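Each remark here refers to the structure printed beneath this line.
The values are calculated or read from the model by the stated rules, or taken from the named source; none is laboratory data. Values in this document were obtained by computation on a predicted structure and should not be read as measured data. FYI the Cβ positions are ideal-geometry reconstructions off the backbone, even for glycines, and counts take in every protein chain you see. Note: areas computed on protein heavy atoms with side chains; ligands, DNA, RNA excluded. Shrake-Rupley method; radii C 1.70, N 1.55, O 1.52, S 1.80 Å.
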Amino acid sequence: MSFDNEERAALRSSVRDLLGKHSDSAAVRRAITTGHGYDDTLWSRLCEQIGVAALAVPEKYDGVGASMLEVHVVQEELGRTLTPSPMLGSAVLAAQALVLSGDDDACARLLPGIAAGSVAALCWAGTDGWSGFGVTASGETLSGTASYVLGGDVADVLLVLTSEGMFEVDPAADGVTRRRVPAMDPTRALSEVVFDGVAARRLVSPTDLVDQLRTVALVALSAEQVGAASAALELTVEYAKSRKQFGRAIGSFQALKHRMADMYALVETARSMSYAAALSGTHGDAVVAKVYCSEALQNVAAEAIQLHGGIAITWEHDAQLYFKRAHGSAQLFGQPRDYLAELATAAGL
């Protein structure tokens, strides 16, 4: 069974064409130096011409009413080009937190803006990661520090997950401090948001909201990782065709052919894992995709560095950007090893 039906194939083609025109290597490098950490003109094009931020937003909230399968397509294409954007942090995490909450009032107030391209950020992790919460609630007051927030420094609205439920906060409220933090991956901006006795609006949130949201996050991340791994492989194959040693293209050497074949196998099996998780929507498959796709991208990116040689670790070459994305994305939403115990228990080990 093919993952892409006619509609998803058309969506993939549209996104790839737009990114091909406006998000090449030079454009990505310019985007990461901006105050937003992404090209807001490109983000506007993606939202207005294709509607990427509105895909999984219900029609009654001015969305397209598509599914997370369509979001998966967009994430995969963004991963291919390493395009910095608010897609994962705003259109996936924040938007789905609202959709899954079942809070009709909050959805009616906030989702139309997110669908149109306005940036929302989900404050979740503490300094130790996504297994707990960085912020605590006392009644309607929030205190603590949310770490590794996607888009937290530029967001128009903050959603905050705590052990007591989810809250909405105005970024301009007294007691809120936001700052961009250094990150291994320059193509993904991370921020820290501090809440010092901040007044917040409590939103409806089911008891399993975090589990549902984690599943969505892992699947969306795996899509991005598959796209990045595929592009890193393509970059390596093209280099092996053109780089010559001893009068021959290095891609003709059998030892290197075997290594690139292994890279191809990793990319395609990772793609299968990610597609299976997207199609099933189950937490178990999402965890498998997280672990496998993280490790696959790390291995493919490392091989890309090795097969390119010394040029790959220079700032001018893109191989080092894929390597950094591989290791940065592996840490996002929890390291692969954090999920191995869960997989072992599920397997009865």
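For this structure, a couple of remarks:
- Matching residues in segment 257-275 - criterion: being buried (at least 17 other Cβ atoms within 10 Å of the Cβ) and not aromatic (F, W, Y): M260, M263, L266, V267, A270, R271, M273, S274
- Residue match in segment 198-215 (condition: without any contact (Cβ under 8 Å) to a residue 24 or more places away in the chain and open to solvent by 10 Å² or more (accessible area, probe 1.4 Å)): yes
- In summary, L297 fulfils each of the numbered conditions (1) of a type outside the set (G, A, S); (2) at pLDDT 95 or above; (3) surrounded by fewer than 21 Cβ atoms within 10 Å (Cβ to Cβ) with the single exception of condition (3).
- Checked against the criterion of being open to solvent by 10 Å² or more (accessible area, probe 1.4 Å), in contact with an Asp or Glu (Cβ under 6 Å, 6 or more places away or on another chain), without any contact (Cβ under 8 Å) to a residue 60 or more places away in the chain and not small (G, A, S), the candidates P112, P58 yield just one match: P112.
- Top-ranked residue in segment 217-267 [being among the aromatic types (F, W, Y) and on the phi < 0 side of the Ramachandran plot; ranked as modelled with the lowest pLDDT]: F253
- Apart from one condition, E77 fits all of (1) surrounded by fewer than 24 Cβ atoms within 10 Å (Cβ to Cβ); (2) modelled with pLDDT of 95 or more; (3) acidic (D, E); the exception is (1).
- Selection within segment 135-156 - of a type in the set (V, I, T) and either farther than 27 Å from P84 by Cα or open to solvent by 20 Å² or more (accessible area, probe 1.4 Å) (or both): T136, T141, T145, V154
- Scanning segment 234-256 for residues that are of a type in the set (S, T, Y) and either open to solvent by 20 Å² or more (accessible area, probe 1.4 Å) or not in a helix (DSSP H, G or I) (or both) yields Y239, S242, S252.
The rows are residues; the columns are (1) in a helix (DSSP H, G or I); (2) in contact with a helix residue (DSSP H, G or I) (Cβ under 9 Å, 6 or more places away or on another chain); (3) farther than 14 Å from G227 by Cβ; (4) not polar (S, T, N, Q).
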{"site": "F3", "(1), (2), (3), (4)": "no, yes, no, yes"}
{"site": "A9", "(1), (2), (3), (4)": "yes, yes, yes, yes"}
{"site": "S14", "(1), (2), (3), (4)": "yes, yes, yes, no"}
{"site": "D17", "(1), (2), (3), (4)": "yes, no, yes, yes"}
{"site": "V28", "(1), (2), (3), (4)": "yes, yes, no, yes"}
{"site": "H36", "(1), (2), (3), (4)": "no, yes, yes, yes"}
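- Qualifying position, being at pLDDT below 95, out of contact with any Ser or Thr (no Cβ under 9 Å at 6 or more places or on another chain), closer than 25 Å to T83 by Cβ and of a type in the set (S, T, N, Q), among T314, T345: T314
- Among the candidates D338, D285, residue that is touching a Ser or Thr at 6+ places or on another chain (Cβ under 8 Å) and assigned to a helix (DSSP H, G or I): D338
- Exactly one residue among P186, P182 is surrounded by fewer than 22 Cβ atoms within 10 Å (Cβ to Cβ) and touching a residue at least 12 places away in the same chain (Cβ under 8 Å), and that residue is P186.
- Segment 34-74, subset at pLDDT 95 or above and of a type in the set (S, T, Y), residue nearest to Y322 (Cα to Cα): Y38
- The listed residue being among the polar types (S, T, N, Q) and out of contact with any strand residue (DSSP E or B) (no Cβ under 7 Å at 6 or more places or on another chain), out of T177, T207: T207
- First in segment 296-315 and more than 22 Å from R29 (Cβ to Cβ) and in contact (Cβ under 8 Å) with a residue 24 or more places away in the chain, second anywhere and outside any helix (DSSP H, G or I) and open to solvent by 20 Å² or more (accessible area, probe 1.4 Å), Cβ under 8 Å, 6 or more apart: none
- Flag for G129 being open to solvent by less than 20 Å² (accessible area, probe 1.4 Å), out of contact with any Gly (no Cβ under 9 Å at 6 or more places or on another chain), touching a residue at least 24 places away in the same chain (Cβ under 8 Å) and on the phi > 0 side of the Ramachandran plot: no
- Qualifying residue in segment 269-286 (condition: in contact with an Asp or Glu (Cβ under 6 Å, 6 or more places away or on another chain) and closer than 22 Å to A344 by Cα): yes
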